[in-house]
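Please read the structure below before turning to the comments.
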Amino acid sequence: MNGVVTSTVPAALCDPLRNRGTAFTHAERERLGLTGRLPAAVETLDQQAARAYAQLGRQPTDLAKYLYLDALHDRNETLYFKLLLDHLPELLPVVYDPTVGDAIQQWSHDYRRSRAVYLSVDRPQDVRASFETLGLGPDDVDLIVVSDAQQILGIGDWGVNGTDISVGKLAVYTAAAGLHPERVIAVNLDVGTDNQVLLNDPMYLGNRHARVTGTAYDDFVALYLSTAAELFPRALLHFEDFGPSHARRILVGNAKDHRIFNDDLQGTGAIVMASVLSGLEVTRQSVADQRLVVFGAGTAGTGIADQISAAMVRAGRTPEQAASQVWLVDKDGLVSDDMDGLPDYQSAYARPAEEVRDWPRTDGRIDLLTAVRQVRPTILVGTSTVHGAFTQEVVEALCAGVERPVLLPLSNPGSRIEVMPDQAIPWSKGKALMAVGIPVDPVTYDGTTYTIGQANNALLYPGLGLGAVVAGAEHITDGMLLAAATAVAGQVDVSEPGASLLPPVRNLRASSAVVAVAVAEAAAGDGVATRTHGNLVQAVQDAMWQPAYAERAGDR
Ligand SMILES: NC(=O)c1ccc[n+]([C@@H]2O[C@H](COP(=O)([O-])OP(=O)(O)OC[C@H]3O[C@@H](n4cnc5c(N)ncnc54)[C@H](O)[C@@H]3O)[C@@H](O)[C@H]2O)c1
Ligand SMILES: O=C(O)C[C@H](O)C(=O)O
Ligand SMILES: [Mg+2]
């Protein structure tokens, strides 16, 4: 017995939420059974952070940095978030997009451990027990991020490797908006994978069969939803990176009964709405008068079309008029109503075949360039995953059509983006009002420096989630999404030439707090709030977890 005890790492050093390593005082070390198990120095969190940051700096690649931070996350959560928060613009691209995409591709090879919950379609009887192992009660969980990893970023199906998109999204929730790290759960729904590389990789850690589909898939998602909602009735259920055929169906089918949020549809739609609102500040136009072309009409693209057309309706258009100001271009070209087998999320915006009968075609399709020439869009969005799709010709045609087009190539990661700003800004002669999904450097053209905002849902969903939690919102309403978008756009001053359309990542905590207040107000206005607060600004501040050691070691 003795031998076992002395060779075991003490519990206080193993629990990442309680561990404070060399910051434990001597009295705490004694109380927690750590006497003699740490070097003599007693450090502050700042001293530890300085060492960790130096260690991080010695990692040779972003992927190595990701793995270093991942291990730190599993060792000492306070220190991890301290580091993240102190260096957010530098580290967000490491723990999140784009590096998380590389990490996911390597995940089974790099696997050490993770606190995520893995739910296997082959063991539905384990779903409840898997959550119960966490030892959390009905009031203990604010948020669960789940992914079935069918459409990770723009890199497709990564099966159980996609676990880290849930982990990464949660890290951003905590870093950006102070969601309490102990009150959140990352979940992977392992329904198999159609990724042949994974299925033939001896290291692959997930279920080694094709994705289940049909009723078996639907039943498993329903089981997840009902179990999570029953065990953690206050939790917001965030869906991430589901495939296009499932994402919308799951959201629409369950929005009435569950506190459910789809980030790729709703979060992306809202951050794009924020970019558009800022762009309209520059052009001094109404959203009601916009013409939107979406290239890549999947989950994100149609979510964006929904949000922008909903805003047109709020600005006075009928739903039919709003839909008539949207054009979708997908693999088979411009989406028109004579196409066979259109998915429902595209058919809502299909153009009448009659209207486009005389438009020029290439190989029978109306391509993006033609659509841009014909429509003269005021807003062009890219969510296609097709790198380079916004060619010089397309950008020039866009600028020939309107004075200051809004240009949003949003595909992630960088290897998928439709065009980089350092190309598009000169091609547009500085006219395009741009934002992109990944962090990029400013572009100087003709004496003006253009700061490119990051139209990534990460600038929006953390504040949205925090606001929903503070309000105890039963649903995420369109009003809450628009409030979030308006609050984000309200934080930028676009009067200077080249100004960013979105607030900078370095202000993300403050920006998220502003979003949270607006969202909680909208939740109350829409009648979905279950908690009221005398002073909402203070309530939001109080709800934001800070990376600092609690008074008494061992307390969380
Ligand atoms: N910036 C953000 O916040 C954000 C949010 C969500 C998604 N995204 C990005 O958007 C992209 C799409 O994500 P998704 O979840 O919507 O994926 P998705 O698979 O649901 O949609 C992609 C769509 O592009 C279409 N497409 C593929 N090749 C095409 C081509 N050659 N021409 C025209 N259309 C083509 C597909 O048919 C599909 O409809 C990804 O790169 C993702 O990272 C960005
Ligand atoms: O995860 C991101 O970086 C944004 C978005 O959710 C995506 O799927 O690309
Ligand atoms: Mg996503």
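The values are calculated or read from the model by the stated rules, or taken from the named source; none is laboratory data. Note that the coordinates shown come from a computational prediction; the quantities given were computed from them, not determined experimentally. FYI the Cβ positions are ideal-geometry reconstructions off the backbone, even for glycines, and counts take in every protein chain you see. Heavy atoms of the whole protein, side chains included, go into the accessibility calculation; ligands, DNA and RNA do not. Shrake-Rupley method; radii C 1.70, N 1.55, O 1.52, S 1.80 Å.
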Point to revise | Residue count, the range 384-413 (criterion: assigned to a loop (DSSP other than H, G, I, E, B) and either modelled with pLDDT under 95 or small (Gly, Ala, Ser) (or both)) | key: 6
Practice item. Confirm whether residue 105 is in contact (Cβ under 8 Å) with a residue 24 or more places away in the chain and either part of a loop (DSSP other than H, G, I, E, B) or closer than 30 Å to residue 197 by Cβ (or both). Key: yes
Review point. Is it true that some residue in the range 231-239 is over 25 Å from residue 477 (Cβ atoms), away from ligand 1 (no atom under 16 Å from the Cβ) and open to solvent by 30 Å² or more (accessible area, probe 1.4 Å)?
Key: no
Check your understanding: Out of (1) surrounded by fewer than 18 Cβ atoms within 10 Å (Cβ to Cβ); (2) farther than 19 Å from residue 528 by Cβ; (3) more than 14 Å from ligand 1 (Cβ to nearest atom), the odd one out for residue 257 is which?
Key -> (2)
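Here's the yes/no breakdown for (1) within 19 Å of residue 70 (Cβ to Cβ); (2) open to solvent by 10 Å² or more (accessible area, probe 1.4 Å); (3) assigned to a loop (DSSP other than H, G, I, E, B):
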site	(1), (2), (3)
137	no, yes, yes
141	no, no, yes
149	yes, no, yes
169	yes, no, no
219	no, yes, no
Point to revise | Among the candidates 493, 446, 478, 422, residue that is open to solvent by 60 Å² or more (accessible area, probe 1.4 Å) and within 19 Å of the chain's Cα centre (by Cα) | key: 478
**Study point:** Which numbered condition residue 241 misses (of (1) under 27 Å from residue 466 (Cβ atoms); (2) without any contact (Cβ under 8 Å) to a residue 24 or more places away in the chain)
**Key:** (2)
Review point. Looking at the range 240-250, is at least one residue assigned to a helix (DSSP H, G or I), of a type in the set (Lys, Arg), out of contact with any Phe, Trp or Tyr (no Cβ under 7 Å at 6 or more places or on another chain) and within 16 Å of ligand 1 (Cβ to nearest atom)?
Key: yes
**Study point:** Any chance residue 193 is polar (S, T, N, Q), more than 11 Å from ligand 2 (Cβ to nearest atom) and under 30 Å from residue 550 (Cα atoms)
**Key:** no
Check your understanding: What number of residues within the range 396-423 are free of Cβ contacts under 8 Å to residues at least 40 places away in the same chain and acidic (Asp, Glu)?
Key -> 2
Review point. Given (1) free of Cβ contacts under 8 Å to residues at least 60 places away in the same chain; (2) part of a helix (DSSP H, G or I); (3) within 16 Å of ligand 2 (Cβ to nearest atom), where does residue 426 come up short, assuming only one miss?
Key: (3)
Check your understanding: Before we move on, is residue 161 farther than 27 Å from residue 85 by Cα, polar (S, T, N, Q) and either over 17 Å from the mean Cα position of the chain (by Cα) or modelled with pLDDT of 95 or more (or both)?
Key -> no
Check your understanding: Any residue at all in the range 456-473 that is buried (at least 19 other Cβ atoms within 10 Å of the Cβ), more than 23 Å from residue 232 (Cα to Cα) and modelled with pLDDT of 95 or more?
Key -> yes
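Okay, residues lined up against (1) over 17 Å from residue 549 (Cα atoms); (2) modelled with pLDDT of 95 or more; (3) of a type in the set (Asp, Glu):
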position	(1), (2), (3)
2	yes, no, no
7	yes, no, no
10	yes, no, no
15	no, no, yes
20	no, yes, no
25	no, yes, no
29	no, yes, no
38	yes, yes, no
42	no, yes, no
Practice item. Within the range 60-70, identify whether any single residue is assigned to a loop (DSSP other than H, G, I, E, B) and not hydroxyl-bearing (Ser, Thr, Tyr), and answer yes or no. Key: yes
Study note, to complete from the structure: Within the range 439-456, of all residues that are of a type in the set (A, V, I, L, M) and either closer than 10 Å to residue 407 by Cβ or touching a strand residue (DSSP E or B) at 6+ places or on another chain (Cβ under 7 Å) (or both), the one nearest to ligand 2 (Cβ to nearest atom) is 455
Study note, to complete from the structure: The lone condition residue 257 fails out of (1) modelled with pLDDT under 95; (2) part of a helix (DSSP H, G or I) is (2)
Check your understanding: Residue check: is residue 206 more than 15 Å from ligand 1 (Cβ to nearest atom), farther than 20 Å from residue 457 by Cβ and open to solvent by less than 10 Å² (accessible area, probe 1.4 Å)?
Key -> no
Check your understanding: In the range 213-223, is there at least one residue being at pLDDT 95 or above and within 23 Å of the chain's Cα centre (by Cα)?
Key -> yes
Point to revise | Among (1) surrounded by 21 or more Cβ atoms within 10 Å (Cβ to Cβ); (2) within 30 Å of residue 477 (Cβ to Cβ); (3) away from ligand 3 (no atom under 16 Å from the Cβ); (4) within 29 Å of the chain's Cα centre (by Cα) - the single one residue 410 does not satisfy | key: (3)
Review point. Being in contact (Cβ under 8 Å) with a residue 40 or more places away in the chain, farther than 22 Å from residue 63 by Cβ and open to solvent by less than 10 Å² (accessible area, probe 1.4 Å), is that true of even one residue in the range 90-100?
Key: no
Check your understanding: If residue 151 passes every condition in (1) within 15 Å of ligand 1 (Cβ to nearest atom); (2) modelled with pLDDT under 95 but one, which one does it miss?
Key -> (2)
